[in-house]
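A.B. asks: To start, I am sharing the structure in question, which I have written as structure tokens.
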Amino acid sequence: MQLPVQIHPGSAVSENESGKKISAVCKPAGIRAWSGGLLSVLAFVALAGCGGGGGPVSAAAPAPLPTPTGMASQYVVRAGTWAVIGSSTAAGNGAPAGKAWVPVLGEAIKARGVQFVNIAKPGSLTYNGLSSSTAPTPNRPAPDPSANIDQALSRKPVAVLLSYPTNDIAAGYSADEVINNLMAIRATALAASTPVMVLSTQPRSLSDAQRAILKEMNISLAAKLGPCFINVYDSLAGQDGRLLPSYDSGDGIHPNEAGHQVIASTVQSAIQGGKCIGLAQ
């Protein structure tokens, strides 16, 4: 059995039962991760210099987060702000004001103490979402400080949603580099003790080869992310890999209001299912 990992103020490195070292960022406790949903007691070693001034760290640990009944969540977060970063669909394109998936989702789960800050930006690519500390990639866009993961984390979210569905592939970038970027953005957030859920690609009017790539990317992302991957593609796509006419805003790219509702419902189900991120009671 693998012991749970909980990040506390002042902790820098801990070990699980197998002796594997786990790095943790020194910040207020906001998430807990565990395997199998069985909670055990884990003692953390506070390293000198991590708590400011090198002084002793109080022996009193923060109260543990409540366990969502019946869940085997990878992470549990308290009520608070979730950040959304991504491109035009997440920004609301294709739907009337207030009817896009982010505000619809926010309204649906606000009773659970969740609110959203949305910094998604039309036209954004996964390269724009990378941390500004990322080494430049030749002939690729630079991170966008106004809409990247650093900006999202500056809002002190308890969790992050990533949605970069098609722009990279439309720009001619490879599936591997897009997936690597998504995983790098996620890694930046996890290093800051902030769990992430990643939305799938979306159907779009592109070449046959590009539409095939969008579908194949979801298989790879699902394998890498498990329950932290949210598949909105299957509900929106026709057999040809394009948006179903009933969900097409008219440009072959962005879902209409009904399509945004499908995305909101799918994301809501994933959040409330609690297998990736559980909402503390």
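A.B. asks: Sort through Ser265, Ser269 and tell me the only one that's loosely packed, with under 15 Cβ neighbours inside 10 Å and either under 16 Å from Ile179 (Cα atoms) or of a type in the set (Ser, Thr, Tyr) (or both).
C.D. replies: Criteria check complete, one pass: Ser269.
A.B. asks: Hey, can you tell me all the residues within the range 87-141 that are of a type outside the set (Gly, Ala, Ser), more than 13 Å from Gln261 (Cα to Cα) and in a helix (DSSP H, G or I)?
C.D. replies: Scanning the range 87-141 gives Ile109, Lys110, Arg112, Thr126, Tyr127, Asn128.
A.B. asks: Run down Gln210, Gln239, Gln202 and say which single residue is over 20 Å from Ala100 (Cβ atoms) and assigned to a loop (DSSP other than H, G, I, E, B). Give the derivation first.
C.D. replies: Details: Gln210 fails: assigned to a loop (DSSP other than H, G, I, E, B); Gln202 fails: over 20 Å from Ala100 (Cβ atoms).
Sole residue among the options that is over 20 Å from Ala100 (Cβ atoms) and assigned to a loop (DSSP other than H, G, I, E, B): Gln239.
A.B. asks: Next question, about the same structure. If you scan the range 142-151, which residues turn out to be surrounded by fewer than 24 Cβ atoms within 10 Å (Cβ to Cβ) and part of a helix (DSSP H, G or I)?
C.D. replies: Asp150, Gln151, listed by residue number.
A.B. asks: Touching a residue at least 12 places away in the same chain (Cβ under 8 Å), among the polar types (S, T, N, Q), surrounded by fewer than 24 Cβ atoms within 10 Å (Cβ to Cβ) and within 18 Å of Ser133 (Cβ to Cβ): does that describe Thr188? Let's see the steps before the verdict.
C.D. replies: Working: touching a residue at least 12 places away in the same chain (Cβ under 8 Å): yes; among the polar types (S, T, N, Q): yes; surrounded by fewer than 24 Cβ atoms within 10 Å (Cβ to Cβ): yes; within 18 Å of Ser133 (Cβ to Cβ): yes.
Yes: the conditions hold for Thr188.
A.B. asks: Shifting gears a bit: Considering every residue within the range 152-170, establish whether at least one is surrounded by fewer than 21 Cβ atoms within 10 Å (Cβ to Cβ), more than 29 Å from Val76 (Cβ to Cβ) and at pLDDT 95 or above.
C.D. replies: Among the residues of the range 152-170, at least one is surrounded by fewer than 21 Cβ atoms within 10 Å (Cβ to Cβ), more than 29 Å from Val76 (Cβ to Cβ) and at pLDDT 95 or above, which makes the answer yes.
A.B. asks: Considering only residues of the range 246-268 that are polar (S, T, N, Q) and within 15 Å of the chain's Cα centre (by Cα), which is farthest from Leu236 (Cα to Cα)?
C.D. replies: Gln268
The values are calculated or read from the model by the stated rules, or taken from the named source; none is laboratory data. Quantities reported herein were computed from a predicted structural model and do not represent experimental measurements. Please note: Cβ atoms are built from the backbone with ideal geometry, for glycine as well, and neighbour counts cover all protein chains shown.
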